[in-house]
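**Student:** Would you mind keeping the following structure in view while I ask a few things?
The values are calculated or read from the model by the stated rules, or taken from the named source; none is laboratory data. Bear in mind the structure is a predicted one, so any value in this text is a computation, not a measurement. As a convention, Cβ positions derive from the backbone with ideal geometry for all residues, glycine included, and neighbour counts pool all protein chains shown.
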Amino acid sequence: MNDNQLIANTLGRALLDERNQLRLRQAIQDGLPLTRQPYKTLAIALGIKEQQVLDTIQYWTESDLIKRLGLVVKHHSLGYRANAMVVWDVPADDVDRVGELLSQCDVVTLCYQRPRRLPHWRYNLFSMIHGKDRSMVLEQLADLIAENQLDGFQRDVLFSYRLFKQCGGHYANGECSSRNSEREQAESGQSMKHAQPSIKETQVAYG
Amino acid sequence: MEVLDQRLIDEYQKGLPVSSRPYLDMAKRLNVTEDDILESLDRLTKSGVLSRVGPVFNHKKAGASILAAMAVPDEKMKDIAGRVNAFDGVNHNYAREHEFNLWFVVTAPDQAQLENTITAIEDACGYGVMSLPMVKSYYLDLGFKIQWNQ
């Protein structure tokens, strides 16, 4: 959607001012109320009109501030106990093509380009693969590499072995509701512990 | 898990109605009652299957966010992870198998506050943070297809 379309879409809508938009964002970031009229419940709590809540949230979904609105599932709770961040070193002139390829694969749940941090970090393409166990993730990865002819790219597979915190993105200074969640994730029977890191302290510039 | 719970997860990871009675609209489509929907969502939330029924914000547009990594000695992992978790802006934090073994996402309302938070995390932990901002997203988040009973 381009800017002109966005502007056109705001016409005739009961959008909120900036302060109330921030309040609404805070109010929904941990979820909608489970009442028959959840948007009205929010409106009453915030002292605004239901139509303003509806129009503002609709506008956010159309303008892609909200990527999706719905049930946010904790994969782990449904038996998806293994997840690997698979990172790839792809030449700059090919990274868009490979990124698009990966994003088309059903098993890939995230796919981002990020900067390299040489000499510590050579990988510029990040993807996430979830599975019920480690072997399922590795099988899916092997299929994906074969089907898309990705064997020529240097890659690394970073399985998670412990979850210290997982909750929604909080941009509006709200509290994280699951801040103390911590779970062992070693389920596959293999040793999940990585060798002692050889770098004790890493100084890496950020930007 | 009840059939309705599975159907809701299959059908409504995206596209929750923005209407006066969203749960009634969902009920009509799935041929159940509004109360069935509310009970199912309540059950799924309380049992920890769902983290919420609500929005997934676009990190890039909703504020500033960054993927960050640290290389931490194994014996200090738990302590350092706790220090990182103490920051409100941290919303994912995993130990992963790599020299860089602690991976977390930091969010903030804007870039300046994000950089302040990263500096504060480095000070609190005593280790450098490798920051990996998103350059480009190739993935459209439509939820995740669950393979039931496999």
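Residue-by-condition table, conditions (1) farther than 24 Å from A:Y161 by Cβ; (2) aliphatic (A, V, I, L, M); (3) in the same structural domain as A:Y39 (by TED's automatic domain parsing); (4) surrounded by fewer than 19 Cβ atoms within 10 Å (Cβ to Cβ):
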position: A:A82; (1), (2), (3), (4): no, yes, no, no
position: A:V87; (1), (2), (3), (4): no, yes, no, no
position: A:D96; (1), (2), (3), (4): yes, no, no, yes
position: A:V108; (1), (2), (3), (4): no, yes, no, no
position: A:C111; (1), (2), (3), (4): no, no, no, no
position: A:R122; (1), (2), (3), (4): no, no, no, yes
position: A:E139; (1), (2), (3), (4): no, no, no, yes
position: A:E147; (1), (2), (3), (4): yes, no, no, yes
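**Student:** Taking the residues in the stretch B:91-122 that are within 7 Å of another protein chain (Cβ to nearest Cβ) and of a type in the set (V, I, T) as candidates, determine which candidate is surrounded by the fewest Cβ atoms within 10 Å (Cβ to Cβ).
**Tutor:** For the stretch B:91-122, the residue satisfying everything is B:I118.
**Student:** While we're on this one: If you check A:R179 against the conditions, is it facing chain B (nearest Cβ under 7 Å), surrounded by 12 or more Cβ atoms within 10 Å (Cβ to Cβ) and modelled with pLDDT under 95?
**Tutor:** Details: facing chain B (nearest Cβ under 7 Å): yes; surrounded by 12 or more Cβ atoms within 10 Å (Cβ to Cβ): yes; modelled with pLDDT under 95: yes.
In short, yes.
**Student:** Let me ask something additional. Looking at A:L71, A:L158, which one is at the interface with another protein chain (Cβ under 7 Å from one of its Cβ atoms), free of Cβ contacts under 8 Å to residues at least 12 places away in the same chain and crowded, with 20+ Cβ neighbours inside 10 Å?
**Tutor:** Just a single option satisfies the conditions, and that option is A:L71.
**Student:** Let me ask something else about it. State all residues of the stretch A:29-48 that are in contact with a helix residue (DSSP H, G or I) (Cβ under 6 Å, 6 or more places away or on another chain) and surrounded by fewer than 18 Cβ atoms within 10 Å (Cβ to Cβ); if no residue qualifies, say none.
**Tutor:** Of everything in the stretch A:29-48, those that are in contact with a helix residue (DSSP H, G or I) (Cβ under 6 Å, 6 or more places away or on another chain) and surrounded by fewer than 18 Cβ atoms within 10 Å (Cβ to Cβ) turn out to be A:P33, A:L34, A:T35, A:L46.
**Student:** Starting from residues that are in contact (Cβ under 8 Å) with a residue 24 or more places away in the chain and surrounded by fewer than 18 Cβ atoms within 10 Å (Cβ to Cβ), keep the ones in the stretch B:6-38 and report whichever is farthest from the chain's Cα centre (by Cα).
**Tutor:** B:V32
**Student:** Output the residues belonging to the stretch B:7-38 that are within 17 Å of B:S51 (Cα to Cα) and touching a Phe, Trp or Tyr at 6+ places or on another chain (Cβ under 6 Å).
**Tutor:** B:I37, B:L38
**Student:** From the list B:S20, B:S51, which residue is in contact with a strand residue (DSSP E or B) (Cβ under 8 Å, 6 or more places away or on another chain) and on the phi < 0 side of the Ramachandran plot?
**Tutor:** B:S51
**Student:** Just the residues that are within 7 Å of chain A (Cβ to nearest Cβ) and closer than 30 Å to A:K49 by Cβ, please, taken from the stretch B:1-18.
**Tutor:** B:L8, B:Y12, B:Q13, B:K14, B:G15, B:L16, B:V18
**Student:** Based on what the data block shows, is B:L50 under 16 Å from the mean Cα position of the chain (by Cα), in contact (Cβ under 8 Å) with a residue 60 or more places away in the chain and buried (at least 16 other Cβ atoms within 10 Å of the Cβ)?
**Tutor:** Details: under 16 Å from the mean Cα position of the chain (by Cα): yes; in contact (Cβ under 8 Å) with a residue 60 or more places away in the chain: no; buried (at least 16 other Cβ atoms within 10 Å of the Cβ): yes.
No, not satisfied.
**Student:** Condition first: among the hydrophobic types (A, V, I, L, M, F, W, C), facing chain A (nearest Cβ under 7 Å), over 22 Å from A:K74 (Cα atoms) and buried (at least 19 other Cβ atoms within 10 Å of the Cβ). Can you find one or more residues in the stretch B:130-143 that meet it?
**Tutor:** yes
**Student:** Then there is this: Condition test on B:G63, is it over 17 Å from the mean Cα position of the chain (by Cα) and more than 18 Å from A:Q166 (Cβ to Cβ)? Spell out how you get there, then give the answer.
**Tutor:** On the way: over 17 Å from the mean Cα position of the chain (by Cα): no; more than 18 Å from A:Q166 (Cβ to Cβ): yes.
Taking the combined requirement at face value, the residue does not satisfy it.
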